[in-house]
Each structure stands twice: as structure tokens, then as C-alpha cells.
Amino acid sequence: MVKVYIEGGGESNSLRTDLRKAFQNFFISAGLNKKPRVVASGSRNEAFDDFCCAVRTLSDNDVALLLVDSEETFTKDDNSVEYLKKRDSWNFPNDVDSCLVHLMVVTMETWLIADPKSLQESFGAGFNSEVFSKVKDIETVSKEDAYSLLDKAFKDTPSKKYIKGKHSFRALACVDASKVCAVCKHANLFINKLKELESYM
């Protein structure tokens, strides 16, 4: 079995369910024939703790992956484990390979703004996908700027702004994973790793 421990969902059971469903939809959109089990861990520290616990207790036929926001810009050639050791002061088990530790660069919202067309179709009248038209090199857009763009896109909708939780998982469930992977190198690395592991699912 392959389990992916993901940052997000907070303390709400309903939001954690929404997160799991959204990522399962994303995996289907990405063309995975078999899907991993998604574990919505809550905070990034809780996701890390859950992942480390899983790594220490895995059977030979199980694989655990970690997926968290990078929070800051991160290059494709950087080592994800070393980056998180430095940024978050996380102490990974000694035998953890960086190919099992994946990052949403810079944040999950980066993946959302990678496919404005699907967001427009999902959120409909009032949603302004044009605010994303000038975005280039999407993984260099800061977390603050990504949220600001989403706020602008939602300005003329009933909610008036982007609301994490209420909008984020609905948005992730509707985006085209192939479009996300085409412009988000680290999303592509993550999906390719899952495809490599399909025999374990």
C-alpha cells in the first residue's frame, strides 16, 4: 500500500474528508490507474510526524510519502529533505530518501492558479480568471501573491474573497492535473513518483 501524508485539513473532519476527495480527483485527472491512500494530517508538523511514524513501522510492501507546502521558492535541483531540515528544523529518519518527500511549490494554491480555465468553469459568474493571465514561472510566485491573486479572482463572487478550506479543495478537485504538472515541476515529480509506485497500490 502507498500512503501519502499531506499537510492540510486542519482539525475539521469534514475538511479532511474534502481534502482526501480533492486529491483523489487530482490523481484521477493525472492519469493514475491506481490511487494511493491519502492521509489528511492537519498541520505541516503533524504531517511530518505522521510520515516519520509510518516510515519507522512500514512493512516491506508499504510505501509512505510526504507532501507539504515549501512555503518559499525551491528549485528542482534542491534536495527536499535537506531543505526541510534547514527550514523547519525537522529531523528525518536516517534512511529516508528525498524521492519520498515532495513539495507543493510554493503552496497548494500554486497548483490552483495553474489552471484558471477550470477554476472559471467551476466557480462561474463573478469569478475573474483574467487576474492570472500575466503569471509567469508559476513556482516563483510567493505564497502571499498567490493568495492575493485568488482574492482578486473571487472579488465579485458572493464570498468576495478566497476562503481557504471553503474554496481550496473544491478548486483542487476541478483542476486539470496535466495542466498543473506542465507548469509546476514539483507537481510533475510527485505524480511521476506515484506512477512509479503503482505496483504497490
Exercise for the section: Need at least 1 residues that are surrounded by fewer than 20 Cβ atoms within 10 Å (Cβ to Cβ) per element, so show me which helices (runs of 4 or more DSSP H) inside the range 46-163 make the cut, counting only ones lying wholly within it. Expected result: 80-88, 116-123, 143-153
Practice task
Please enumerate the residues belonging to the range 40-68 that are within 12 Å of the chain's Cα centre (by Cα) and more than 20 Å from residue 93 (Cα to Cα).
Solution key: 40
Exercise for the section: Search the range 1-39 for residues being surrounded by 16 or more Cβ atoms within 10 Å (Cβ to Cβ) and β-branched (Val, Ile, Thr), and hand back the single one that is farthest from the chain's Cα centre (by Cα). Expected result: 2
Exercise for the section: Kindly establish whether residue 38 is under 27 Å from residue 163 (Cβ atoms), among the aliphatic types (A, V, I, L, M), outside any loop (DSSP other than H, G, I, E, B) and without any contact (Cβ under 8 Å) to a residue 60 or more places away in the chain. Expected result: yes
Practice task
Scan 23, 92, 27 and give me the residue that is modelled with pLDDT of 95 or more, aromatic (Phe, Trp, Tyr) and farther than 15 Å from residue 188 by Cα.
Solution key: 92
Exercise for the section: Consider only pairs whose beta carbons are under 7 Å apart and that are at least six residues apart or on different chains; among these, list those whose first residue lies in the range 9-32 and is in contact (Cβ under 8 Å) with a residue 60 or more places away in the chain and whose second residue is of a type in the set (Lys, Arg) and surrounded by fewer than 18 Cβ atoms within 10 Å (Cβ to Cβ). Expected result: 32/195
Practice task
Restricting attention to the range 134-165, report how many residues are of a type in the set (Ser, Thr, Tyr) and closer than 20 Å to residue 181 by Cβ.
Solution key: 1
Practice task
Select from the range 164-173 the residues that are surrounded by 19 or more Cβ atoms within 10 Å (Cβ to Cβ) and either among the hydrophobic types (A, V, I, L, M, F, W, C) or in contact (Cβ under 8 Å) with a residue 60 or more places away in the chain (or both) and list them in ascending order.
Solution key: 168, 169, 171, 172, 173
Practice task
Give me a count of the residues in the range 151-188 that are over 12 Å from the mean Cα position of the chain (by Cα), farther than 16 Å from residue 129 by Cβ and of a type in the set (A, V, I, L, M).
Solution key: 2
Handout entry: Residues within the range 184-201 that are farther than 27 Å from residue 137 by Cα and free of Cβ contacts under 8 Å to residues at least 12 places away in the same chain, tallied
Key = 1
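The values are calculated or read from the model by the stated rules, or taken from the named source; none is laboratory data. This structure is a prediction, so every number in the text was calculated from the model and none was measured. A quick note on method: Cβ atoms are made from the backbone with ideal geometry, for glycine too, and the neighbour counts reach across all protein chains shown.
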